[in-house]
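Here the structure is laid out as structure tokens; the discussion comes afterwards.
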Amino acid sequence: MTRIRTRLLVLHVLVLALLAALAVRLWQVQVVHGQEFVTRATETRTRVVIVPAVRGQILDSSGRPLVRNKTALVVSIDRTRLSRMQDGGLAVLRKLSAVLGRPVKDLQQRIRPCGPGVGKPCWTGSPYQAVPLDEKVDTREALQILERQEEFPGVTAEVNSVRQYPGGRAGAQMLGYLQPVTQAELEKREGLKASFSGVDLAGRDGLEYVYDDALRGKAGLRRVQVDRMGKPLGLVEQVTPVAGDHLVTSIDSRVQTVVEKALAKAMKSAPGADGGAGVVLDARTGRVVALASAPGYDPEIWAGGISARGYQWLMSEKSDKPLVSRAINGQFAPGSTFKVTSVTAMLRAGYPLNGTYSCPGSYMVGGRAFNNFRGIGLGSMNLHTALVKSCDTIFYRASYEQYLKDGGRTPKKKPKEIFANVARQFGFGAPTGIDLPGESGGRIPDRVWKKELWDQTSAVTCTRARKGYPEVKDRARAAFLKQLAVENCAEGFLLRPGDAANFSIGQGDVLVTPLQLARAYQALVSDGKVRSPRIGWAQVRPDGKVVKKIPVPVVGKLPLREKERLYIKNALSQVAADGTAAGAFAGFPMDKVRVGGKTGTAEVWGKKDTSWFASFAPTKKPQYVVVVMVSQGGMGGSTAAPAAREIYEGIYGIKREPAVPGGRLTTRLPRFAPDGTVAGG
């Protein structure tokens, strides 16, 4: 009996001790740490889901989509969650590989973070962002993942909005592409981190990059109540996302197509051509109507992450680097198209507008003969005829005379350098400021530039002057290069007579971009004002309300009196009919549409000539400025001019349907219906 009582006593004590411990623990939970656990419980019961905004479209001047959105089933994977699995998520990737029909190695490469020594494909986005693996899955594949979610932890299959390019390759470099938001962007870009949806993409080039903030819109959110297993119980709060603005551009998609086809045909007609560009500007406003570069590429290659093979192709010499826009980044000697600046320089130097000038077959510059085209003398002529017939020796002489007035090899303290400074006033030697990223500025080689270049290269040049070029197998070329190095080592810092002569006809070290040349001709044939071209015309809300219009700023003025400007314009108006482009425009209905312009054939050492044609039409009241350039295309009159003719035929409907009915570009923004669609479209 005593033993039983003892056992009961021990049991009572034990129970009391447990109750006391429970009471203490309860006091700790409810009183000491009560607020902390309340907060944790609330956090566990509420989940915030950022809802991405629909990205705005990029439209042409009539509201036709250049870049639009389409819905697609996208399979994404949480790389962080996979990395926490014992096998690094290998089992999940194997199952996913079987569903998607893609090798495991390919999936592993796509989710690995980019970094030093890690080539494409790799993940450039934030580590907290789900990695899209496939944007073209069908419903059957998506259901296999969704119905067996326990076998695919960290994998989602959702309907998302992806970019679509109705024009295919047309204007790819101009439009740009999207890539995942990087961690650096999240840290640097104000407001982006707060609204980051986890699947956001950012513009990486072209208009997608420049107008990224407007196109992106504002993400919304859903605050959802969930149980401890994460199952949704109800919606606590919802903020609707604000769709991005549409970007209406001045591009006419029909003209863009015409330019792309004409440029492709020109490239094909010139064996060895390795690049080309076509620029069409509205002669009245300076807005861009079409901007083409060849070779091109399909921008959808970036969708869902670019493959290693695709990335290597875009960057390879074999493909001629299609990512580079020849229209704004390609820098080439302009040849005779540059003579409009030389005529202007002559006028500013005091040469008479209506004077008579000799055009011999060659002219001695600093003891060296500089020849006219094929060494043919054309007799005496005025400046009008000098442009129409493209006489070189008149400009050699004028430039050399001004070079000597500036002191020649021993320049004055403040040389006037009229030819170089006039070229700058035409907008050459600096970026145009177009609303595209990464534009090149070209080059105007004056005395300062020569000195700076020599400072940077003299050590290497002088070494080459001593050692030569033993690695060059062609002995004649090696000897030429060594002699050139000897001369540059000794006096490479000096602007030489030959430099001045070459400059006057757009040869030597002078470089321009096709867009710069088009901008200069637009100023010349319109009102003499130099503008910074624009592609963007207006930002428009999805409901059709115009947020803001994008003006074309005037950034300079040509150094020409109105009488002089019209004189040069009238001379150019004869080139296609009676001058160096007459062959290319033979049979063209000039009575219907009179085309003016200037051919250019620029020599390039070791390569074929660069073919140019800068033009405008109609000559009386220009609507269009068209510039075509084909690298290694040969003579301007044989490759670039025929391409320009084809562009005008396409625009005005000569022997075909017109791209622009009546030939007149629209001056009004497209009208939008309340639902955001283009009214009447």
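The values are calculated or read from the model by the stated rules, or taken from the named source; none is laboratory data. Values in this document were obtained by computation on a predicted structure and should not be read as measured data. Glycine gets a Cβ as well: all are built from the backbone with ideal geometry, and neighbour counts include every protein chain shown. To get the accessible areas, we keep the full protein, side chains included, count just its heavy atoms, and leave off ligands, DNA and RNA. Shrake-Rupley method; radii C 1.70, N 1.55, O 1.52, S 1.80 Å.
I need the P(r) histogram for the range 536-609: all alpha carbon pairs, bin width 10 Å from 0 out to the longest distance, whole percents.
In whole percents, the pair-distance histogram is 15, 22, 23, 24, 15, 1.
G220's amide H: which non-local residues (gap 5+, or another chain) put their own amide H closer than 5 Å, with H modeled 1.01 Å from N in plane and none for Pro or chain starts?
Here V51, A53, V242 satisfy the definition.
On a 0 to 90 degree scale, rounded to 10, what angle separates helix 475-491 from the longest Cα axis of the chain?
With both axes taken from Cα atoms, the answer is about 90 degrees.
Considering only the chain, what is the antiparallel percent among its DSSP beta bridges, to the nearest 5?
Within the chain, antiparallel bridges account for around 95 percent of the total.
Using a 1.4 Å probe over the heavy atoms of the protein chains, calculate the carbon and sulfur portion of the accessible area of the range 575-681 as a whole percent.
It is 51 percent, rounded to a whole number.
Pairs on different chains or at least eight residues apart, Cα atoms closer than 23 Å: how many lysine pairs in the range 265-347 fit?
Number of lysine pairs found: 4.
Give me the Kirkwood hydrodynamic radius of the range 258-373 in Å, from all C-alpha pairs, to one decimal place?
18.4 Å
Given charges of +1 on the Cβ of Lys and Arg and -1 on the Cβ of Asp and Glu, with all other atoms neutral, how large is the dipole of the chain about its Cα centre, in debye to the nearest 20?
600 debye
Hey, if you put +1 on the Cβ of every Lys and Arg and -1 on every Asp and Glu Cβ in the chain, which of L404, I535, V67 ends up farthest toward the positive end of that dipole?
Final value for the positive-end residue is L404.
Return one whole number: the accessible area per residue of the chain in Å², for a 1.4 Å probe.
Normalised by residue count, the accessible surface of the chain is 49 Å².
Share of the range 322-472's accessible area from carbon and sulfur, percent, 1.4 Å?
Here it works out to 52 percent.
Could you name the lysines in cross-link range of K105, using Cα to Cα under 16 Å and dropping any fewer than eight places away on the same chain?
Within the straight-line cut-off, K105 pairs with K95, K120.
For the range 348-453, just run the numbers: alpha carbon Rg, then divide by 2.2 N^0.38 Å, N being how many residues it has.
1.26
Just order 496-507, 12-23 by mean Cβ neighbour count inside 10 Å, highest at the front, would you?
In decreasing order of mean packing, 496-507, 12-23 become 496-507, 12-23.
I'm checking a number: the convex hull volume of the Cα atoms of the range 445-540, normalised per residue, in Å³. What is it?
Each residue corresponds to 190 Å³ of Cα convex hull volume.
By how many degrees, between 0 and 90 and to the nearest 10, does the Cα long axis of helix 393-405 differ from the longest principal axis of the chain?
Between the helix axis and the principal axis of the chain, the angle is about 80 degrees.
What share of Cα pairs, in percent, lie more than 16 angstrom apart in the range 324-363?
So the pairs more than 16 Å apart make up 60 percent of the total in the range 324-363.
Treat each spin label as a single point 7 Å out from the Cα along the C-beta direction, and report the E657 to L14 distance in nm.
Label-label distance for E657 and L14, simple model: 9.5 nm.
Mind pulling the angle between the C-alpha long axis of helix 562-572 and the longest principal axis of the chain? Nearest 10 degrees, somewhere in 0 to 90.
Approximately 90 degrees, to the nearest 10.
With unit charges on the beta carbon (Lys/Arg positive, Asp/Glu negative), name the residue among I568, S638, G88 whose Cα is farthest towards the positive pole of the charge dipole of the chain.
The residue sitting most towards the positive pole is I568.
Two decimals, Cα atoms only, Kirkwood Rh: what is Rg/Rh over the chain?
1.15
For D134, enumerate residues with amide H under 5 Å from its amide H, sequence gap 5+ or separate chain, H modeled in the peptide plane.
Under 5 Å from the amide H of D134 lie the amide H atoms of V75, each far enough along the sequence or on another chain.
Any idea which of I434, I654, F616 is furthest toward the positive side of the dipole for the chain, if Lys and Arg beta-carbons carry +1 and Asp and Glu beta-carbons -1?
The listed residue farthest towards the positive side: I434.
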